[in-house]
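A short write-up of the structure that comes next.
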Amino acid sequence: MVLQAMDLLEQQLPVGEEPLVLSGDVVTGLIIVDVVNGFCTVGAGQMAPSEPNEQIAEMVDEVAKLARAFCEKKWPVFAFLDSHHPDIPEHPYPPHCIIGTDEAELVPELKWLEKDPSVTLRRKDCINGFIGCMEKDGSNVFVDWVKNYQIKSVLVVGICTDICVLDFVCSALSARNRGILPPLENVIVYSRGCATYDLPVHVAQASEDLIAHPQDVTHHVGLYIARGRGAKVASEIIFD
């Protein structure tokens, strides 16, 4: 039944993924969204998977390979780390990724990014990384990063496809359309480099506080909405 539903969803809401070829001819930056223990490491917290999850494991593996390739080429990388103050909840989600805890740290496969000169790290305390880059003086760390490196394309990966990844993508596209992000032209989402969490319908129905979040469906819908907003969706990444 689930497979039939996914087949129907993919027919009615096609994403239109295509391979992406990257070369040094176009300055491309890698955006890593929240690949931290609190979302990706089994048993690491209330928002982490309670058991091994194939989609999340594949995402971490793909992000690690991309990050290594970008850094070896000395291409710019921008990594968000979800980090929250214990006294400022983020409704409707339970406490997670509290600043100073292991939940708010990069997964072991990406911990090396902290020491790489090609990488800019940004801790954020909200879903939308673009908003999380706002400074008190009105400047925006992400906007400055794009301008400083003269980035024309950003490749976005991370978690969750339909939440933090999607919010950032939509904001970046809106900013680009408004002329706030020169010289950015393309926002690209890598489908296998993204993942989301799984909360099946039957589990959600057992609690009044939970909303169903079937993983494959919400992952697909997140990609579809991103494409509808103007992003490109890549099925694989090829380095030329």
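The values are calculated or read from the model by the stated rules, or taken from the named source; none is laboratory data. None of the values given here were measured: they were computed from a predicted structure. Here the Cβ is made from the backbone with ideal geometry for all residues, glycine too, and neighbour counts use every protein chain on show.
Summary of values
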| read-out | value |
| --- | --- |
| Qualifying positions in the range 74-91 - touching a residue at least 24 places away in the same chain (Cβ under 8 Å), surrounded by fewer than 20 Cβ atoms within 10 Å (Cβ to Cβ) and farther than 26 Å from residue 151 by Cβ | 85, 88, 90 |
| Residue among 59, 47, 6 that is surrounded by 13 or more Cβ atoms within 10 Å (Cβ to Cβ), over 20 Å from the mean Cα position of the chain (by Cα) and touching a residue at least 40 places away in the same chain (Cβ under 8 Å) | 6 |
| Answer from 160, 71, 97 - the residue that is under 20 Å from residue 234 (Cβ atoms), surrounded by 15 or more Cβ atoms within 10 Å (Cβ to Cβ), in contact (Cβ under 8 Å) with a residue 24 or more places away in the chain and in contact with an Asp or Glu (Cβ under 6 Å, 6 or more places away or on another chain) | 71 |
| Any hit, the range 200-212, residues being within 27 Å of residue 49 (Cα to Cα), buried (at least 19 other Cβ atoms within 10 Å of the Cβ) and not charged (D, E, K, R) | no |
| Matching residues, the range 72-98, being over 22 Å from residue 169 (Cα atoms) and not charged (D, E, K, R) | 85, 86, 88, 89, 94, 95, 96, 98 |
| Filtered residues of the range 214-240 (kept if hydroxyl-bearing (Ser, Thr, Tyr) and either in contact with a Gly (Cβ under 6 Å, 6 or more places away or on another chain) or assigned to a strand (DSSP E or B) (or both)) | 235 |
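To keep it simple, each residue is scored yes or no on (1) in contact (Cβ under 8 Å) with a residue 60 or more places away in the chain; (2) among the acidic types (Asp, Glu); (3) in a helix (DSSP H, G or I).
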site	(1), (2), (3)
145	yes, no, yes
151	yes, no, no
154	yes, no, no
165	yes, no, yes
168	yes, no, yes
176	no, no, yes
179	no, no, no
188	yes, no, no
197	yes, no, no
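Residue-by-condition table, conditions (1) of a type in the set (D, E, K, R); (2) crowded, with 16+ Cβ neighbours inside 10 Å:
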{"residue": "125", "(1), (2)": "yes, no"}
{"residue": "140", "(1), (2)": "no, yes"}
{"residue": "148", "(1), (2)": "no, no"}
{"residue": "156", "(1), (2)": "no, yes"}
{"residue": "188", "(1), (2)": "no, yes"}
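Okay, residues lined up against (1) in a loop (DSSP other than H, G, I, E, B); (2) at pLDDT below 95; (3) closer than 20 Å to residue 194 by Cβ; (4) not hydroxyl-bearing (Ser, Thr, Tyr):
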residue: 10; (1), (2), (3), (4): no, yes, yes, yes
residue: 21; (1), (2), (3), (4): no, no, yes, yes
residue: 29; (1), (2), (3), (4): no, no, yes, yes
residue: 42; (1), (2), (3), (4): yes, no, yes, yes
residue: 56; (1), (2), (3), (4): no, no, yes, yes
residue: 65; (1), (2), (3), (4): no, no, yes, yes
residue: 74; (1), (2), (3), (4): yes, no, no, yes
residue: 88; (1), (2), (3), (4): yes, yes, no, yes
